[in-house]
Amino acid sequence: MQLKESGEMYLETIYVLSQRKGFVRSIDVGEEMGYSKPSVSRAVGILRDGGYITVAHDGGLHLTEAGLEVAQRTYERHTVLSEFFIRLGVDEETATNDACKIEHVISSSTFAALKKYLNEQMK
């Protein structure tokens, strides 16, 4: 199943919340993303059916190996792009918002080149 941008955003949010809080429920995701319960419920069902998350009996959301891979990749792109834009002089809010949009469409080769460039600049 090919994920759309919204699916990647949900997985990234579950990942970030799990790092921050440990235990993540649908309501936590909705609050973090500003989405309604029905929207989150629908997305959770799609992600579960796609094999990206599991839902425990206590309502806890857990990333599968496939979900974790997508979430970590998306989060890495977000953080690297945000840092890059901030270094260019973009204010933090704009940099973060722009990174959030670009993280879903940037090619793997372009991202790898950007990451390599940033690593070389930090030396």
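Applying 1/(1 + (r/R0)^6) with r as the Cβ-Cβ distance of S109 and H57 and R0 = 41 angstrom yields a FRET efficiency of 0.45.
Which shape class applies to the stretch 1-104: rounded if a/c is under 1.5, otherwise prolate when a/b exceeds b/c and oblate if not, where a ≥ b ≥ c are the square roots of the Cα gyration tensor eigenvalues?
The shape class here is prolate.
Taking a ≥ b ≥ c as the square roots of the eigenvalues of the Cα gyration tensor, the stretch 74-121 is classed as oblate, since a/c reaches at least 1.5 and a/b does not exceed b/c.
Footprinting exposure proxy ranking of L11, L81, fewest other C-beta atoms within 10 angstrom first, gives L81, L11.
Helical runs assigned H by DSSP (4 residues or longer) give the chain a calculated mean residue ellipticity at 222 nm of -22500 deg cm²/dmol, each run adding -39500 (n - 2.57) before division by the residue total.
Only the coordinates and a few stated rules stand behind these numbers; no lab work does. Everything quoted here is computed from the prediction, not taken from an experiment. Glycine also receives a Cβ, built like all others from the backbone with ideal geometry; neighbour counts cover every protein chain displayed.
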